[in-house]
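Structure first, then comments.
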Amino acid sequence: MKFISVLLTQKTRNSLYVLVTSSKHVSNVFYYSTYKYKRSIKECYRILHVSEGCSTDEVRDSYRSLAKKYHPDSGASTASATMFMQIDEAYRDLLTHLARESKKTQTAEDDEEKISDYKIPQHRQYLSYEGVGFGTPSQRQKQYLQFRVDRATDQVLEFRKQKLEQQYAENSMIAKDVKHSKKVKITQAIERLVEDLIQESMAKGDFDNLSGKGKPLDKFSSCPHIDPMTHNLNRILIDNGYQPEWIVLQKEIRETIDKLRQDLVASRKKLGEPMTYRQEKQWMEICETFREDITKLNKRINDFNLVVPLMSRQMVHFNAEKEISRAEQAFLAFKEEMNKTNNSKDDEKMDDDQTNPTEVFLKWIVKNLRNFNKQNKN
């Protein structure tokens with residue numbers, strides 16, 4: 001047998017041993033690696049893009065993101081098998097390093113705890129005086145005596161405080177009981193007074209002529225289709241200010257249309273007659289705004305018709321053109337009334353103008369006759 005050993009150069013960073021066994025010819029050849037490149041910890045940090053002193057979670061997160069980026073099966077444009085192998089090896093080396101460092105830190109802390117345990121004084125004298133004070137035994141005794149005095153003072157103050165709080169609580173309870181008893185007495189006195197007044201009125205016969213005397217109380221509605229429970233519930237809701245949704249909507253719709261009509265007529269009266277070009281343009285803008293308001297109001301009417309319980313209570317849409325013509329007619333009626341009022345005032349004024357000269361002339365004649373009579377007498 002012959003053995004041949006071949007060592008390659010160091011630049012390839014890989015060694016191969018070739019074992020050749022031969023008697024007359026070569027039978028087997030084996031190749032295996034005996035050298036593995038080891039990266040430094042700083043290089044591992046650089047490959048994983050993390051800073052030194054980071055935690056294990058940060059290393060793990062960085063490895064996951066890089067694996068998604070460079071894994072051959074990821075399908076990304078940056079996929080690289082060589083880069084992924086480097087990242088994987090760096091990740092494993094860095095985890096091993098961090099585990100070793102954490103273990104060293106834990107061992108150092110345990111050693112420090114053991115050393116501190118040995119530093120605790122184990123002398124017999126330090127087990128007395130409840131562990132209070134420091135120095136020689138005589139000094140510790142004085143300090144312990146002062147500590148006992150302070151503790152006794154605090155206990156006395158706490159006891160007095162609790163006693164005062166208890167007395168205050170008792171006094172407040174007594175005051176509450178007295179106040180409650182006075183309230184009960186006043187209530188009972190008022191009830192007795194009212195009962196006496198009722199009995200006195202009954203004795204006088206004030207309740208004899210009441211309407212409905214001897215008849216049962218009308219608890220329920222006369223409608224036979226409404227059960228008593230529903231009627232009572234509705235009455236309680238109405239008494240407390242609650243109204244059904246459809247009633248509230250109906251009230252809002254009526255108030256809104258009345259206000260729109262009044263505003264439209266007031267705007268027409270304000271423009272007057274005849275209207276200039278500018279006033280006509282302004283009136284057209286007012287009518288357009290009114291049409292938009294009527295459209296919104298008709299939508300509210302649709303909502304009302306959906307919730308109203310009776311078909312006979314449903315409402316129809318308002319016609320904006322009819323409402324505008326109605327406003328024009330109201331303005332014309334108002335104009336005619338104003339003209340009649342002005343004509344009547346003018347007639348009255350003319351009558352006053354016609355009667356005033358006659359009255360003045362008569363007064364002048366009467367005055368002259370009186371003066372003439374006085375002169376004749378003289």
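The values are calculated or read from the model by the stated rules, or taken from the named source; none is laboratory data. Because the structure is predicted, anything quoted here is derived from the model rather than measured. Every residue, glycine as well, gets a Cβ built from its backbone with ideal geometry; the counts of neighbours run over all protein chains shown. In case anyone asks, the SASA skips ligands and DNA or RNA and just uses the protein heavy atoms, side chains included. Shrake-Rupley method; radii C 1.70, N 1.55, O 1.52, S 1.80 Å.
Per-residue extension of 0.36 nm, minus the Cα-Cα distance of Ser325 and Arg148, leaves a gain of 53.4 nm for this segment. A simple spin-label model places pseudo-atoms 7 Å from Cα toward Cβ; at Gln139 and Arg192 they are separated by 8.1 nm. Entry comment: accessible area of the range 124-192 is 92 Å² per residue, from protein heavy atoms only and a probe of 1.4 Å. The label-point distance for Gln167 and Lys340, in a model that sets each label 7 Å from Cα toward Cβ, rounds to 9.3 nm.
A Förster radius of 41 Å combined with the Cβ-Cβ distance from Ile365 to Ala266 puts the calculated FRET efficiency at roughly 0.15.
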